[in-house]
2 protein chains.
Amino acid sequence: MIAFPFIRFLLGIITLGVAILMLAPCVLAWELGSQDRFAFLVSEAITAGTALSLIYFNRSATNKLNVREVFLLTGVSWVAVCFFGAIPFILSHTVVDFTDAVFESVSAVTTTGATVLTQLDDLPKDILLWRSMMQWVGGLGIVALGAAVLPFLRIGGMRLFRAESSDFSEKSSPHARRFLLHLLLIYLAISFFCVVSYSLAGMNMFDAINHAMTTVSTGGFSTHDSSIAFFNSREIETVAIIFMLIASVPFVLYLPIITGHFTKIRRDSQVESMLGAYLAVVIVLVVWLVLTDQASVSEAFRDAAFHVVSIGSTTGYVSTDYTVWGHFAVMVFFFLTFVGGCSGSTSGGIKIFRFKIAFIMFKETIRRLLHPNAVFSRSIDGRTLTDDTVASVSAFALAFASTVGVVAILLGAAGNDFITSFSAAATATANVGPGFGDVVGPVSNFSLLNDPSKWIICVAMLLGRLEIFTLLILLTPDFWRV
Amino acid sequence: MIAFPFIRFLLGIITLGVAILMLAPCVLAWELGSQDRFAFLVSEAITAGTALSLIYFNRSATNKLNVREVFLLTGVSWVAVCFFGAIPFILSHTVVDFTDAVFESVSAVTTTGATVLTQLDDLPKDILLWRSMMQWVGGLGIVALGAAVLPFLRIGGMRLFRAESSDFSEKSSPHARRFLLHLLLIYLAISFFCVVSYSLAGMNMFDAINHAMTTVSTGGFSTHDSSIAFFNSREIETVAIIFMLIASVPFVLYLPIITGHFTKIRRDSQVESMLGAYLAVVIVLVVWLVLTDQASVSEAFRDAAFHVVSIGSTTGYVSTDYTVWGHFAVMVFFFLTFVGGCSGSTSGGIKIFRFKIAFIMFKETIRRLLHPNAVFSRSIDGRTLTDDTVASVSAFALAFASTVGVVAILLGAAGNDFITSFSAAATATANVGPGFGDVVGPVSNFSLLNDPSKWIICVAMLLGRLEIFTLLILLTPDFWRV
């Protein structure tokens, strides 16, 4: 870090952003006379002070980053945002210790939505607002990362999505800035419409703002222990479904709306596949629920649609305890945990386009077995699928599976049973939120875990959110060799 | 089938082999005056009759197979052997119904070693012998398949192991026959030495013969309900470890011993990696057992070494209930289920060479991220690793994971809980044997499962044993298009 002044400068800018956002809960805390008002004031001072120092002392840094520095900046800035985001939790009376504060912050920033806080309904509104804002920031961060940085870094086959507009070479710098600004406007606009829709559906303004921020970021934090089930409202569930889906679509697809070129709205086979996949799972679950006499068709559809979109999009809202639907439903939701939405959205998981590429490879393998000497060309959405991209996607899938495996083994070593270890590893790496079993299930809470388990899960959430390689590469000797 | 006379002819030859082997338990049953003597006689008549009819009526078939026909023959012959192997179970009084008979037979032929039979110690010796022989035949079948057929079919990256001696083109037919004969001799020799070693270690001759057959095939059936724990003998466990390892090595490596060219014994990095991986897991488990005060170093080493080799090699013998070692050990053994031994051995699982290739790809991906424009060349054991092979291995890994996933979901739908569904799916697809949990754990038995679950597991065992694609390809429309 000592040797990278421009990274420190940019880190200062990012931290300044956190400080500015922190003004909102800080003002709210003082307005309400909350017990946490001094905690927020001190947090604000620390964050803003650090940000301004970093900016001031590195203001003359060279205005350039190479590939290694982009990796470093990405990793360091996410960890930094998690750290500064945790300060209000540490200083306030909300959480019992440092571990819980960091866990809550990492879970928020990575838009996972697993919580160690209980009795949310009784918490000060400023803390609830801060949790939601952290998810909202995390969602915005991942949209920017997915649209601009990850394709540039060629992570996990995302080079496929390298748009012309995301070319970060020196010449196109103003172009890139406008591109990111447009993404920010889209994110703000969707958030705004989500607030309006939730409040029209019956939420009070505070709940509407909080849930809008955790919906568009597919984070899933709620202001109530019972999550969306608190409202027991078909209208609110419908709004949630619609905006979770909107948030799972590549945000670049919305660009033509901003620029007014409505005719330029592209079709994206990712979106179609995602909707098709979710719909198929919904139908299977509805048939299961109806055949096993657990619900009428209309109830089954309501609950299945909500939870398939919630888990599939990696949001993690809960409107009813779906783990009582039987072993079949549990297995389906477990595997749904891995799916995720589209690349370039706020959702996590393995993501639809990687399954599409896997399926293309699968078909090609079968055909190659029958026709060993034939030459095959592959493409996805009209773009050629190179061996490079395929290898990159395979490596990502392997890294994802290994991460879940290693995390599950470590959680086992920390004393958790099979279903807790496995589902917590999966739900954390995929940034979903709820797991399965008595401890981390949808009606339970991560607070029952011991401290080592919480730290392990923090690492898994960060790895998952940054598509694994972005962090993993920082641990290789090759990275630090000049 | 009607249209493939040469396949029917070869199927007759294979069935004749089963009929000849069936003579052994048949003679034993009459010798002992067993209640199953008529069952074996009728089974023998059915099997031999079918075999001879198939051979006689197709004796004039053209002596040639194309790629499609090799796939078809492979799939059909494995199913046929499972079917004829089940007849003695169906006709005897050993199993309660048709489902159990087929399950036991498929579990034997695929060398999985999951059993639905209870009170093995009280069963007639002829039935016990038949179970063991079926595993032995399954092991021999997979060695032949792995050495000759699968590399020819380019399944799952196995083309890497296409030896010159396994070239099945028309001209080299006598050459190929000698190659297969040598493999048979090696298999017989190892089996013989295993019988001798077990009896020197204290087994009676019947137990020694049975366990030798289920050790060299890494099948894991025992003549006792308590498996190897019955003997409670360090010597017997040591013999088992040695021969399970011998059976997990590519059998082609033993060829120079037969031909007398001892200097030609090649090093194979697969073997080194396998031993290294197993040793690492043993050390981790020993440390865990000692640190958690569950065993002394020497006891810990004895139990850890036995079960790591037993699960790693996909044999599935049990000498003590390792699931009580704590959640960490359960997670470790769960993931060990997937590992397997070397390609070209009798072991199942994903197999070491695929992990090696995955690791090579992983390292290359990391390096490519840092040096986007560099050109990399990859090799394994001095052979170039082509994009083709890598794609093939990736497709296999994906197919394996998908199979485990789909089977686990179906087992969930059949009413099994999370750990039973998941571990049964894994242990069946990897052809290991014991799973985890109350139902399919190492001290339990697959007889507690309901009939649909047993059928699902049968399909998983066959898919796993035939490297998935060999069977899957028969289900594609492209296969049946002329």
Taking chain B and counting helices only, DSSP H stretches of n ≥ 4 at -39,500 (n - 2.57) each over all residues, the nearest-500 ellipticity at 222 nm comes to -21000 deg cm²/dmol
Computed over region A:363-480, protein heavy atoms only, probe 1.4 angstrom, the accessible area per residue in square angstrom equals 35 Å²
Straight-line reach check, A:Lys363, cutoff 13 Å on alpha carbons, 8 or more apart in-chain or any other chain, hits among aspartates and glutamates -> B:Asp478
In whole percent, the fraction of accessible protein surface over the protein assembly as shown that belongs to carbon or sulfur atoms, probe radius 1.4 Å, stands at 66 percent
Per the rule of 0.36 nm per residue minus the C-alpha distance, extending A:Glu235 to A:Phe57 adds in nm 58.9 nm
If each K or R counts +1 and each D or E counts -1, the residues other than B:Gly340 whose Cβ falls under 14 Å of its Cβ total +3
Cβ-Cβ cut-off under 15 Å around B:Thr320, Lys and Arg +1, Asp and Glu -1: the net charge is -3
Rounded to whole angstrom, the alpha-carbon centroid of region A:1-77 lies from that of region A:140-154 at a distance of 20 Å
So, for the Cα atoms of the protein assembly as shown, Rg and Dmax in Å stand at 30.1, 97
Under Stokes-Einstein, region A:383-432 at 37 °C and 0.692 mPa s, with its Kirkwood radius over C-alpha pairs, diffuses with a coefficient in µm²/s of 275 µm²/s
From highest to lowest solvent-accessible area (probe 1.4 Å; ligands, DNA and RNA excluded), A:Leu32, B:Leu291 read B:Leu291, A:Leu32
Output row for A:Leu448: copy-to-copy label distances, label 7 Å along Cα→C-beta, ascending, in nanometres, one decimal, is 2.2
Partner aspartates and glutamates whose C-alpha sits under 19 Å from that of A:Lys454, ignoring same-chain residues fewer than 8 away, are A:Asp97, A:Asp100, A:Glu104, A:Asp417, A:Asp438
Taking only the Cα positions of region A:363-480, the convex hull volume per residue in Å³ is 167 Å³
at A:Leu41 the sorted inter-copy label distances (label 7 Å from Cα on Cβ side), in nanometres, are 10.1
Test assert for region B:41-76: residues whose accessible surface shrinks by at least 10 Å² between chain alone and all chains, 1.4 Å probe, equal B:Val67, B:Arg68, B:Phe71
Surrounding charge for A:Leu120, neighbours by C-beta under 12 angstrom, Lys/Arg +1, Asp/Glu -1, total -3
Taking the reciprocal of mean 1/r across every pair of different Cα atoms in region A:296-344, the Kirkwood radius in Å is 11.2 Å
For region B:305-449 the mean separation of alpha carbon contacts under 8 Å (6+ apart) over residue count, i.e. relative contact order in percent, is 25 percent
Taking a ≥ b ≥ c as the square roots of the Cα gyration tensor eigenvalues, with a/c under 1.5 meaning rounded and otherwise prolate when a/b beats b/c or oblate if not, region B:365-405 comes out oblate
Heads up, chain B by the C-alpha gyration tensor (a ≥ b ≥ c square roots of eigenvalues; a/c under 1.5 rounded, else a/b over b/c prolate, else oblate) looks rounded
So the A/B interface buries, both sides summed and with a 1.4 Å probe, an accessible area in Å² (nearest 100) of 4500 Å²
Inter-copy distances for A:Thr118, nm, shortest first, label points 7 Å along Cα→Cβ, are 4.1
Longest chain B segment clear of trypsin sites (Lys or Arg not before Pro) sitting in DSSP loops (not H, G, I, E or B) with at most 10 other Cβ atoms within 10 Å runs B:268-480
Accessible-area loss of at least 20 Å² in the complex relative to the chain alone (1.4 Å probe) applies, within region B:402-441, to B:Gly405, B:Ile409, B:Gly412, B:Ala413, B:Asp417, B:Phe418, B:Ile419, B:Phe422
With the full set of protein chains present, the residues of region B:363-379 whose 1.4 Å probe accessible area falls by 30 Å² or more relative to the chain alone are B:Thr365, B:Ile366, B:Arg368, B:Leu369, B:Leu370, B:Pro372
Treating only Lys and Arg (+1) and Asp and Glu (-1) as charged, each at its beta carbon, one finds that chain A has a dipole about its Cα centre, in Debye to the nearest 20, of 2020 debye
Computed about the Cα centre, the charge dipole of the protein assembly as shown from +1 Lys/Arg and -1 Asp/Glu charges at the Cβ has a magnitude in debye, to the nearest 20, of 4040 debye
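The values are calculated or read from the model by the stated rules, or taken from the named source; none is laboratory data. What you are looking at is a predicted structure, and each value in this text was computed from that prediction instead of being measured. Don't worry about glycine lacking a Cβ; one is built from the backbone with ideal geometry, like all the others, and counts go over all protein chains shown. The protein model used for the area step is the full one, side chains on, heavy atoms only, and it has no ligands, DNA or RNA in it. Shrake-Rupley method; radii C 1.70, N 1.55, O 1.52, S 1.80 Å.
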